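Data block below; observations after.
The values are calculated or read from the model by the stated rules, or taken from the named source; none is laboratory data. Quick caveat, the model's predicted, so the values are computed rather than measured. Cβ sites come from the backbone with ideal geometry, for glycine too, and all protein chains shown count toward neighbours. Surface areas here come from the heavy atoms of the whole protein model, side chains and all, with no ligands, DNA or RNA. Shrake-Rupley method; radii C 1.70, N 1.55, O 1.52, S 1.80 Å.
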Amino acid sequence: MGNCFSEVTAGRAAIGGTAGDFRSLAGAPNDAVENFLRSRGHHGLFSQIELSFSASGLGDRDVLFKNNPMMVLYAKGKTGALEEICRTEVVLNSSSPTWITKHTLIYYFEVVQVLVFRVYDVDTQFHNLDIKMLELDEQQFLGEATCVLSQIITQRDQSLTIDLHTEDSLRSTLPKNCGKLLVHAEECVSSKTAIEMACRCSDLECKDLFSRNDPFLLISKVAEGGVQIPICKTEVIKNDLNPIWKSVFVNIQQVGSKESILIIECYNYNNNGKHDLIGKVQRSLAELENIHNNGQGENLLLPSSGGQNHDNKVLRSQLFVDRFIESVQYTFLDYLAGGFELNFMVAVDFTASNGNPRLPDSLHYIDPSGRPNAYQRAIVEVGEVLQFYDSDKRFPTWGFGARPIDGPVSHCFNLNGSSHYCEVEGIQGIMMAYTSALHNVSLAGPTLFGPVISTAALIASQSVANGGRKYFVLLIITDGVVTDLQETKDAIVKASDLPLSILIVGVGGADFKEMEVLDADKGERLESSYGRVASRDIVQFVPFREVQSGFSVVQALLAELPTQFLTYVRSRDIQPNL
């Protein structure tokens, strides 16, 4: 019979299916971590993903009839516990079913979201029951498959075929073919149309007593009840009454439509976070487009203390829209589907301040019980997320601040001990190279980041020159404050033009306050010793001990990477090969 119901509602009603969508946030970041990061300006990427399912080659359990298969989807938590999140309808008399039921879940880049699929043959005596009422232990188990959500969405066609197995087939020396499961993912985006808009202001009124303004724009939409919801903001322009800002992107889906009202507020930046309102403009995207086309400015308004619009003071200051381009704004998942990869790199601090690795109080101590130290935890928790975005899983890995046997102190040496190549195979390869290095180098110092960052930047630069569609993520794990601060700034500013992000994790009990200057989330972008400002923020820094709630700050901090990736590709008008 095959798929015997072509009409969705009729088919589900007849065999007990439901149209309900079991939405689950299983695997979502811990609130404490999320709140901590959001307080520091970190806003991760998440997307709604619709999964659809089909199978082929299911083994028939009945002699005279084919199976009546149903699939059950589970989310697997960190403890290994399974949470059921979806059941499909039953497809009658089919060994190669295509299920109508879809499931929508939230994809988080920074979380390893393990999915478990189980397929059952539902006996005919149960076909009049609602799917949710079926007792699974009363059905015949056909097979199980497991994958990570990242494995699906990183496929070129966002479809993954997985072998189904049973416990018996796993034990057998000649594994039994239990069939295959095909899972397809599709991003739920109603509109990818975005507006690129570049603005400037003229004749701003000075708010500072002893200097000119440090202005920036905040763009918000107006929700029901008149509540303003921020959408995006520009960078801060220092000491300027006629600022020209870089482009910002406004997604039509965020706003509602081109006729929806936006409020563009110009503020004078203050370090204490209490920014002074200079003036504002209230216009729709369609009106802003007209301002651009006419080439004329719009006067800023300054609300009265009473807040009534009719009491607004019309200022001499004007807002100009120098650029207004409507285009398709590709998502992070579009770029993954288009062949882009994220390549993981690691650099480990081997300076003497970590302590003697043979002693239990050392940050490098390898516990015989198997309990990982802070360096090992950081490697695994970042690596287990990023490995799925790297097809060959060969990771450049370095150490710094140590003296190799019979050699001088090195601030960038290959962790695998080779003098010719720096890559290792997989996360386990990094762990093995790290453990081996502890026996083959002498801890020394000082703590220098410059050489490692420059080496990573060189690899990124060579990839660009060769036309590679790769974005590199360098994880630096350190126990102390960097000694070559200015050299590090210079290397970061230079690398800001490359497809590279740097994640710095501080381990141990040192005071890392000085390290936060490398992370531009809190204020100004880095400036090099020769006066050049970083083209974008590529550094995230976090002390490993910051949140103690059983969840890793390092893992949650990865949420920033898709945004940094998109900033890079969009600023260079790089499009995915879809």
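The table below gives the values:
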| item | result |
| --- | --- |
| Residue ID - nearest to GLN282 (Cα to Cα), chosen from residues in the stretch 204-250 that are open to solvent by less than 80 Å² (accessible area, probe 1.4 Å), assigned to a loop (DSSP other than H, G, I, E, B) and without any contact (Cβ under 8 Å) to a residue 24 or more places away in the chain | ALA223 |
| Residue match in the stretch 364-384 (condition: open to solvent by 70 Å² or more (accessible area, probe 1.4 Å), over 25 Å from PHE541 (Cα atoms) and outside any strand (DSSP E or B)) | yes |
| Considering residues of the stretch 482-538 that are open to solvent by 30 Å² or more (accessible area, probe 1.4 Å) and among the β-branched types (Val, Ile, Thr) only, the residue farthest from the chain's Cα centre (by Cα) | THR483 |
| Criterion (open to solvent by 30 Å² or more (accessible area, probe 1.4 Å) and in contact with a Cys (Cβ under 6 Å, 6 or more places away or on another chain)) met by exactly one of PRO446, PRO451 | PRO451 |
| Looking only at the stretch 161-189, and only at residues there that are open to solvent by 90 Å² or more (accessible area, probe 1.4 Å) and polar (S, T, N, Q), the one that is modelled with the lowest pLDDT | THR173 |
| Cross-chain or 6+ apart pairs with Cβ under 6 Å, the stretch 349-360 first and in a helix (DSSP H, G or I), then open to solvent by 20 Å² or more (accessible area, probe 1.4 Å) | ALA352/LEU443; ALA352/ALA444; ALA352/GLY445; ASN354/LEU363 |
| For GLY80: the one exception among (1) open to solvent by less than 60 Å² (accessible area, probe 1.4 Å); (2) in contact (Cβ under 8 Å) with a residue 24 or more places away in the chain | (2) |
| Options GLN151, GLN158, GLN113; residue that is open to solvent by 10 Å² or more (accessible area, probe 1.4 Å), on the phi > 0 side of the Ramachandran plot, touching a residue at least 24 places away in the same chain (Cβ under 8 Å) and under 32 Å from the mean Cα position of the chain (by Cα) | GLN158 |
| Hey, ALA457 of a type in the set (Gly, Ala, Ser), over 21 Å from ILE538 (Cβ atoms) and either buried (at least 19 other Cβ atoms within 10 Å of the Cβ) or in contact (Cβ under 8 Å) with a residue 60 or more places away in the chain (or both) or not | no |
| Residue list for the stretch 251-265, restricted to those being modelled with pLDDT under 90 and surrounded by 19 or more Cβ atoms within 10 Å (Cβ to Cβ) | VAL255 |
| Looking only at the stretch 387-419, and only at residues there that are buried (at least 24 other Cβ atoms within 10 Å of the Cβ) and aliphatic (A, V, I, L, M), the one that is nearest to GLY506 (Cα to Cα) | ALA402 |
| Strands (runs of 3 or more DSSP E) contained entirely in the stretch 97-172, each with at least 2 residues that are polar (S, T, N, Q) | 140-148, 159-163 |
| Condition check for LEU58: of a type in the set (A, V, I, L, M) and modelled with pLDDT under 75 | no |
| Exclusive hit being modelled with pLDDT of 90 or more and open to solvent by less than 40 Å² (accessible area, probe 1.4 Å), set LEU558, LEU566 | LEU566 |
| Answer from LYS233, LYS192 - the residue that is of a type in the set (Lys, Arg) and modelled with pLDDT under 85 | LYS192 |
